[in-house]
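S.K.: Encoded as structure tokens, here's the structure I'll be asking about.
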Amino acid sequence: MTASAFSADERARLAAILAIAARRRAQRAVPVWLPVAGILLVTLVATASVFAGKPELGVAGMLGIPVLLFAFSRSDRVTQLVLFLLFTNAAVIAKQFHGVPFLVAAAVPLLLGIPIAQWVIFRGQKIIVTPVVPLMFAFFAVQLVGALFAAEPDKAFPNLFEFAMEGIALYVLVVNAIRTPETLRNALWTVVLAGAFMGAIVFHQQITGNYASNYGGFAQVSNAAFEIGEDVSGAELLQPRLAGPLGVQNRFAQTLAMLLPLALALFWSARSVKARLLALACFQFIGIGIALAFSRGAAVGIAFMFLCMLGMGYIRLRHLVIVGAMVALVAMAVPEYAVRLSSLARVGDAMEFGSSAGFRNTDGATKSRLTEMLGAGLVFADHPVVGVGPGMYKEHYREYAERAGLKVKSSDRESHSLYLGLAAEHGLLGVFAFTAIVVVTFWELSRARRRWRRSHPELANLTGGLLMALVGYLAIGFFLHFAYIRYFWLMMGLAGAASRIAVARRSLPPAPALGIRYGEAESVKRVLLGTHRPALAQATDQRRPAGAR
């Protein structure tokens, strides 16, 4: 192989491939003293914990040493580990079911500081601040004012702190930790595999009927159940609603629903048959997990999401054959879901407010939710500017539910609608700030998809999958209030990372048409290094990760 065997354009493209390989090797370089210092620090803290009478912290610290070594050797894997732990709710489960100290569980997202430190400190790149970050601070300011003027500020401020940690901080960490297309792709595979893991566990629980076990906290069963028939003695048969690691069935379904378009995007972007089959298997288990939560709102939201995907050209009619086949398999695996969805036919009766018979025939859950939604609307009418404060609607529920005059429960209830809840707790200013966050994110994702559609269609598919994941969450949000917010802001962080990568890679040349993969670039190393060092340097400059100077 000689330099003359390639045209100038081909040599420039090959030089760009070599630049990627060289940068990957350089990215793994971490000063030797850093992990050593980290180990010494962890050892000192663990020893001090033992002498302070908290041996469990000392044991946890010593067990963290191999994790620390792994983190500094492969920071990209740290990002994947954190995403998996967050999405499976493993940190919360470790605290609630296994006695892990709160500080240890709460520190899991902070592990993203390791890849961020490598990018910023050792590679000289900037902290990324997306256009969404100022809007999130504006949303925080609205909540702060609402908390200050709330009827009980001491109850409002914990919700404000939750948004600061699980919203702003998590978003910024994810955006700054994921800076290359490869890391983004691996991150999406991680959350999809996490969803498949959760779905597989509850599927095993369902087919074995082992509802008495919570599988270490990863397969919790809610108190809700519905009738699916009668046994031979005439007693009714009840189907429990499975709640996975979250412990709340509707939240479990909403969280998994975001992963369906991502699984499809990974299927279309896969470069091998094995990867495609894995993506389809993940789609299947995620769908089964959603079905076993038996959430009617999730079914309506997912249907709307797929209509949006079809109408916006994210999927074509021929793709619906694959989707339809997968949905049919889910229906065969969980036939009880059809019984649950049949009750949707009675929900429309609740809208017949002029007919008392129509409302009487509506199930109790629907009546209660309508009461909660109407109560939230009345709260907004009385507090239109900044609302009653973050997390404070439940404190006003009974007062306004009695004014709504439908079905009032004795316990404190939420609004059961993301949008009515936002209006009631944060007023018009909060609604405007949240809407601006979503609109800017959607616009940036759409721009990234258009930019990548021709040159890198696999990345365009991933970006489109993220957009549809958010559409699905927001669609289901018509029936669920804003809770477990870390899942929403985690997905927003992935969307922000994808948008920033697209902006940073706007000069990224199209993928080589020579059939040479990135891992095979060494075969042409001698040719390129001998004749095209300027091209290599230029390609390196063009391929800086997001946030590079």
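S.K.: Expressed as a rounded percentage, what relative contact order does region 139-221 have, with Cα pairs under 8 Å and six or more residues apart?
M.R.: Numbers: 25 pairs, mean separation 13.0, N = 83.
RCO, region 139-221: 16 percent.
S.K.: So how far, in whole Å, is the C-alpha centre of region 366-400 from the one of region 276-317?
M.R.: What the calculation gives is 31 Å, centre to centre.
S.K.: So, one more: How big is D for region 90-161, in µm² s⁻¹ as a whole number, if Stokes-Einstein is applied with the Kirkwood radius of its Cα pairs at 4 °C and 1.567 mPa s?
M.R.: Values: Rh = 15.5 Å.
Estimated via Stokes-Einstein, D reaches 84 µm²/s.
S.K.: Another question, if that's okay. Fewest first, what order do Asp76, Asp154, Asp382 take by the number of other Cβ atoms within 10 Å?
M.R.: Placing the least packed residue first, the sequence is Asp154, Asp382, Asp76.
S.K.: Further, regarding this structure: Between Glu395 and His98, what is 0.36 nm times their sequence separation minus the Cα-Cα distance? Round to one decimal in nm.
M.R.: Extra length from Glu395 to His98 when fully extended: 103.7 nm.
S.K.: Using the Kirkwood formula on the Cα atoms of region 118-259, what hydrodynamic radius do you get, in angstrom to one decimal? Please list the in-between numbers first.
M.R.: Details: mean 1/r = 0.0523 Å⁻¹.
Kirkwood hydrodynamic radius for region 118-259: 19.1 Å.
S.K.: In whole Å, what is the distance between the alpha-carbon centres of region 444-492 and region 94-155?
M.R.: Value for the Cα centre distance between the two parts: 21 Å.
Just so you know, all these numbers are worked out from the coordinates, no wet-lab data involved. Note that the structure is a prediction, hence the values are computed from the model and not measured. Please note: Cβ atoms are built from the backbone with ideal geometry, for glycine as well, and neighbour counts cover all protein chains shown.
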